[in-house]
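Engineer: Encoded as structure tokens, here's the structure I'll be asking about.
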Amino acid sequence: MNPFVEEPQQKAHYLRKYTSDANCQVVWVKGKEAKVSEKGSFHCPIWKFNQVASVWLHERKLPVDLSAAKFFSSDKIAIEVQVDLIAQVKEIDRALIAVATCFDESFELLRTDVTSIVRKFCNTRQAEAIHGAEKHLVEELLNEMSSAISSSLFNIKSASVCFRIPFLEDAAKRKAVGEIGFEETKTVENQGMDLAKLRNARALSDLVAKLEREAKEVEADCASRTADARTDREIETADLDNLKSHTELTEKYKTAMAHIAPALYEKLELARITNDPEMMRKARQEVLSELSAIAGVHKNAAAIVIEHTNK
């Protein structure tokens, strides 16, 4: 579909007035012959032309389908690319006639230029460098296409690019799953909180009390640092120290939850990665609630822990 023609080419009527102005330019068409009208209101000379096309002169979005093209990084990893252009038809007779009469062919030339630029961009970079480099490709598209300004039918105003690299996405998922598995193994094997302690409901109750006590100490220390800070430098230092305290405490909570409640473990890990003390605080509160519930069932605490550990 031609986004620059307001309506499909319509049959010309001599007694109807057609308006060319700052918004659209009228093109008279008869077969391959066409003529751009002047600005103003005109009757179509139907003895010369039998169709009318009104070409929109403002910016339009042009999604560039690159699904048929194959893109590879310099390290031979497949890249999927989506490009959207914001373009404006050049207000010259050649461009207006081409867009009015053979938009598909004109757009195919534009797609060919875009494909060439994207392929060159990908071929000269490794996949890791391409990932997240949408801004750089946009700059190259705008620079390259503006340099070919004489032959192009369009003025490219802006562009947006989206990369998808399935290989890296799959690797990231495997890495995340592997890290969680490694943390679970390390927690079970190396941390001081071993299964013997966890099997004892009393030890679990002690753990809850210890974590609650440490949480209150951290909150008090953070509040004191924040209150004592006066200058911008002191405030920044206090914020960094507070974040460090929250992170260290969160690591202890992760140790407890890695094999008891994996879902809460993931929340704690997400809070740590995002460096969000408030998110850490809320996640730790959920951990305490979970541990308290387990510790309250004295006879079944060990069975619950073992069951969760073996999952």
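Engineer: Please verify whether the stretch 4-12 includes one or more residues that are closer than 17 Å to residue 153 by Cβ and either β-branched (Val, Ile, Thr) or modelled with pLDDT of 90 or more (or both).
Structural biologist: yes
Engineer: Being in contact with a helix residue (DSSP H, G or I) (Cβ under 8 Å, 6 or more places away or on another chain) and without any contact (Cβ under 8 Å) to a residue 24 or more places away in the chain narrows it down to one residue among 221, 228; which is it?
Structural biologist: So the residue among 221, 228 that is in contact with a helix residue (DSSP H, G or I) (Cβ under 8 Å, 6 or more places away or on another chain) and without any contact (Cβ under 8 Å) to a residue 24 or more places away in the chain is 228.
Engineer: Restricting attention to the stretch 20-49, which residues are modelled with pLDDT under 90 and of a type in the set (Gly, Ala, Ser)?
Structural biologist: Matches in the stretch 20-49: 31 only.
Engineer: When both residues are 6+ apart or on different chains and their Cβ atoms are under 8 Å apart, which pairs have a first residue that lies in the stretch 274-288 and is polar (S, T, N, Q) and surrounded by fewer than 18 Cβ atoms within 10 Å (Cβ to Cβ), and a second that is at pLDDT below 80 and assigned to a helix (DSSP H, G or I)?
Structural biologist: Short answer, once both residue conditions are applied: 275/243; 275/247.
Engineer: Under 27 Å from residue 6 (Cβ atoms), charged (D, E, K, R) and modelled with pLDDT of 85 or more: does that describe residue 119?
Structural biologist: no
Engineer: Let me ask something else. Does the stretch 29-43 contain any residue that is assigned by TED's automatic domain parsing to the domain that holds residue 136, surrounded by 14 or more Cβ atoms within 10 Å (Cβ to Cβ) and free of Cβ contacts under 8 Å to residues at least 40 places away in the same chain?
Structural biologist: no
Engineer: In the list 98, 69, 87, which residue meets the criterion of being in contact with a Ser or Thr (Cβ under 8 Å, 6 or more places away or on another chain) and not in a helix (DSSP H, G or I)?
Structural biologist: Answer to the selection: 69.
Engineer: Do we find that residue 54 is at pLDDT 90 or above and either part of a strand (DSSP E or B) or exposed (fewer than 15 other Cβ atoms within 10 Å of the Cβ) (or both) in this structure?
Structural biologist: Yes; evaluated as a whole, the condition is true for this residue.
Engineer: Quickly run through the stretch 83-125 and pick out the residues that are over 29 Å from residue 32 (Cα atoms), surrounded by 15 or more Cβ atoms within 10 Å (Cβ to Cβ) and not charged (D, E, K, R).
Structural biologist: Listed by number, the residues that qualify are 83, 117, 118, 121, 122.
Engineer: Considering only residues of the stretch 65-82 that are among the small types (Gly, Ala, Ser) and surrounded by 14 or more Cβ atoms within 10 Å (Cβ to Cβ), which is farthest from the chain's Cα centre (by Cα)?
Structural biologist: Among them, the one singled out is 69.
Engineer: Out of 103, 107, I need the residue that is in contact with a strand residue (DSSP E or B) (Cβ under 8 Å, 6 or more places away or on another chain) and farther than 14 Å from residue 155 by Cα. Which one?
Structural biologist: Only one candidate passes the filter, namely 103.
The values are calculated or read from the model by the stated rules, or taken from the named source; none is laboratory data. Small disclaimer: the values here were computed from a predicted structure and weren't measured. No Cβ is skipped: glycine too gets one built from the backbone with ideal geometry, and neighbour counts run over all protein chains shown.
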